[in-house]
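The values are calculated or read from the model by the stated rules, or taken from the named source; none is laboratory data. This is a predicted model, so every value here is computed, not measured. Neighbour counts are summed over all protein chains in view; Cβ atoms, including those assigned to glycine, are modelled from backbone coordinates with ideal geometry.
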Amino acid sequence: MDIDVLSLSRLQFALTIAFHYIYPPLSIGIGLVLVIMEAQYLRTKDLIYFQMTRFWVKIFALTFAIGVATGIVMEFEFGTNWAFYSRFVGDIFGSALASEGVFAFFLESGFLAILLFGWDKVSKEIHFFSTCMVALGSIFSAIWIVVANSWQQTPTGYHIVGEGINARAEILDFWQMVFNPSSVDRLIHVLLGAWQAGAWLVISVSAFYLFKKIHTEFARKSLKISLCIALICSFAQILSGHESALYVSKYQPVKLAAMEGHFPEKAKADLTLVGWVDEEKEKTYAIGIPGMLGFLLSGDFNKEVTGIKAFPKELRPPINLTFQYYHIMVAIGMGLFGLAVFSCFAWFKGFLFTNKILLALLISSVLGPQIANQVGWYTAEVGRQPWIVYGLLKTSDGISEAVTSNMVLSSLIMFALVYILLFFLFIFLLNRKIKAGPESLESLKEKI
């Protein structure tokens, strides 16, 4: 098999999933914000919460539409580029993706029209219920995608049927497959990242309005709601990250060793803060806290942690890439938590809405969750290599034999051009909606 086909297929899937993953977290996060804002409107009857809900519904619709458009391609890639992998996991993924269709797509599609167009056609309570159902549908979608991906990380509840090219994993216990050892921890981590993505987008837009001194009352209340979400979720994400590291240490110790650049077969391990891994010399140049990794894993600073040298070279992931992706994610996560804490302090001290430097930081903060979500997935997927299904199927064995490098390259270029076009279209439309701002309160009074 031509290695170029494998490399190009991996690059193509990485490109499509990276572009797609910009949008679903925003949809999930904005969905939570919408539920809170509309609940506030029903509770207080304050028209400004109605104004906020109508504005952010437009942004939600945009992210939802682009997310659907960018996600379709991946379904075809499984069959065209990864035929053996698709056959091997078909029984597992078929059940998970069918569940996504039943529990997520039907729920979202059933209530999305009411959310977008039912303002003056149904009661306030029914509209709020529709908002909740659409937000819940986006969460259900995340649940089943994470379940399927987590099964690849920690496969359980299956047996292998057939041999050689006819081998495939078949479900023995559906719920054991769903609640595989990593699925719950990873789902919590993904949802918290998505809720942060939505919250920090609202924070960014609100800070922009305050910086420009426009729509100030709208921006103040939007900022307060989204900042509370960001603070809670950024703190919870730190706890969730710790739990995720515990499951990785148990089920994928080589990934944890790569994440921390820990080479000795068995030794005390520092918690690295920043550094560089020289894979040839099998040495990590880093600043770290002595013994802290062992303490976080077991409560003992002298705990010996399994290192990279305990594993054959052919079963090791790309170490420096995994190391860097992981530390970028952690650094951004800690930075967002610090910014949320300081912003809350500024809120109570009375300078949150007027300090230009802080507002500028909040405007740029929208990039933080997006980058962290991306490199978090890179850490999980690159750190799993060389396995596409951990311990069962190598990535190199999952590729289609019928495709050629020219086929993959041409489709890669086409997808790249289309996705770049969609991205700029998204930015253009998002920018236009933000500049247009919310509807005036006077015009909304006529619509109630």
Selected residue (criterion: nearest to the chain's Cα centre (by Cα)) from residues of the range 124-135 that are within 13 Å of VAL33 (Cα to Cα) and crowded, with 18+ Cβ neighbours inside 10 Å: ALA135
Qualifying positions in the range 277-296 - surrounded by fewer than 16 Cβ atoms within 10 Å (Cβ to Cβ) and touching a Leu at 6+ places or on another chain (Cβ under 8 Å): ILE287, ILE289
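It is to be established whether one or more residues within the range 138-160 are touching a residue at least 12 places away in the same chain (Cβ under 8 Å) and on the phi > 0 side of the Ramachandran plot. Before you say what the answer is, go through the steps one by one.
Of the range 138-160, the ones touching a residue at least 12 places away in the same chain (Cβ under 8 Å) are 138-160.
Adding the requirement that they be on the phi > 0 side of the Ramachandran plot leaves 157.
Yes, the conditions are met somewhere in the range 138-160.
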Number of positions in the range 137-166 that are under 16 Å from the mean Cα position of the chain (by Cα), farther than 22 Å from GLY110 by Cβ and of a type in the set (Phe, Trp, Tyr): 0
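Yes or no: PHE64 under 21 Å from ILE371 (Cα atoms), touching a residue at least 40 places away in the same chain (Cβ under 8 Å) and part of a helix (DSSP H, G or I)? So that I can check it myself, show each step before the final result.
Working: under 21 Å from ILE371 (Cα atoms): yes; touching a residue at least 40 places away in the same chain (Cβ under 8 Å): yes; part of a helix (DSSP H, G or I): yes.
Considered against the rule, which asks whether it is under 21 Å from ILE371 (Cα atoms), touching a residue at least 40 places away in the same chain (Cβ under 8 Å) and part of a helix (DSSP H, G or I), PHE64 comes out as yes.
Name the single residue that is nearest to GLY299 (Cα to Cα) among those in the range 236-271 being touching a Leu at 6+ places or on another chain (Cβ under 8 Å) and of a type in the set (Val, Ile, Thr). Walk me through how you get there before you give the answer.
First, the residues of the range 236-271 that are touching a Leu at 6+ places or on another chain (Cβ under 8 Å): 236-237, 240, 242, 245-246, 248-249, 254, 260, 262, 269-271.
Still in the running and of a type in the set (Val, Ile, Thr): 248, 254.
Values: VAL248: 17, VAL254: 20 Å.
Of everything passing the filter in the range 236-271, VAL248 is nearest to GLY299 (Cα to Cα).
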Residue match in the range 359-374 (condition: farther than 26 Å from ILE214 by Cα, modelled with pLDDT of 90 or more and of a type in the set (Val, Ile, Thr)): yes
Candidates GLU381, GLU439, filtered to the one that is among the acidic types (Asp, Glu) and in contact with a Phe, Trp or Tyr (Cβ under 8 Å, 6 or more places away or on another chain): GLU439
Unique residue being under 30 Å from LYS45 (Cα atoms) and not β-branched (Val, Ile, Thr) when the list is SER109, SER150, SER99, SER95: SER109
Count of the range 190-227 residues which are of a type outside the set (Phe, Trp, Tyr), surrounded by fewer than 20 Cβ atoms within 10 Å (Cβ to Cβ) and either over 19 Å from TYR49 (Cα atoms) or without any contact (Cβ under 8 Å) to a residue 24 or more places away in the chain (or both): 2
Pair list, Cβ under 8 Å, 6 or more apart: the range 103-125 residue under 19 Å from GLN51 (Cα atoms), other residue of a type in the set (D, E, K, R) and part of a helix (DSSP H, G or I): TRP119/ARG54
Flag if LEU231 is hydrophobic (A, V, I, L, M, F, W, C) and modelled with pLDDT of 90 or more: yes
Residue within the range 297-307 that is of a type in the set (Phe, Trp, Tyr), surrounded by fewer than 17 Cβ atoms within 10 Å (Cβ to Cβ), farther than 26 Å from ILE388 by Cβ and touching a Lys or Arg at 6+ places or on another chain (Cβ under 8 Å) present: yes
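From the set of residues in the range 424-448 that are among the polar types (S, T, N, Q) and part of a helix (DSSP H, G or I), which is modelled with the lowest pLDDT? Quick ask: steps written out before the conclusion?
Here is the first cut: in the range 424-448, the ones among the polar types (S, T, N, Q) are 431, 440, 443.
Remaining after also requiring part of a helix (DSSP H, G or I): 431, 443.
Numbers: ASN431: 91, SER443: 75.
Per the criteria, the residue is SER443.
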Matching option when the condition is farther than 18 Å from ILE66 by Cβ and surrounded by 16 or more Cβ atoms within 10 Å (Cβ to Cβ), among ILE413, ILE388: ILE388
Test for VAL403: is it of a type in the set (A, V, I, L, M, F, W, C), farther than 29 Å from THR154 by Cβ and part of a loop (DSSP other than H, G, I, E, B): yes
Selection count where residues are assigned to a helix (DSSP H, G or I), more than 17 Å from the chain's Cα centre (by Cα) and closer than 13 Å to GLY383 by Cα, scope the range 219-260: 11
Odd one out for THR354, checked against (1) under 29 Å from ILE427 (Cα atoms); (2) in contact with a helix residue (DSSP H, G or I) (Cβ under 6 Å, 6 or more places away or on another chain): (2)
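With a cut-off of at least 2 residues that are closer than 24 Å to VAL375 by Cα and among the aliphatic types (A, V, I, L, M), name the helices (runs of 4 or more DSSP H) lying wholly within the range 78-197. Give the derivation first.
Details: elements: 83-100, 106-117, 124-153, 174-178.
Result: 124-153.
Which residues, counting only those in the range 401-448, are under 30 Å from HIS215 (Cβ atoms) and of a type in the set (Gly, Ala, Ser)?
ALA436, GLY437, SER440, SER443 - these are the residues of the range 401-448 that are under 30 Å from HIS215 (Cβ atoms) and of a type in the set (Gly, Ala, Ser).
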Segments classed as helices (runs of 4 or more DSSP H), wholly inside the range 267-382, with at least 1 members that are under 21 Å from LYS250 (Cα atoms), of a type outside the set (A, V, I, L, M, F, W, C) and touching a residue at least 40 places away in the same chain (Cβ under 8 Å): 319-349, 367-382
Cβ pairs under 7 Å, 6+ apart, first in the range 239-261 and farther than 18 Å from PRO312 by Cβ and among the hydroxyl-bearing types (Ser, Thr, Tyr), second in a helix (DSSP H, G or I) and modelled with pLDDT under 85: SER249/LEU297
In the range 51-79, residue surrounded by the fewest Cβ atoms within 10 Å (Cβ to Cβ) [restricted to those that are in contact with a Leu (Cβ under 8 Å, 6 or more places away or on another chain) and over 14 Å from ILE22 (Cβ atoms)]: ALA61
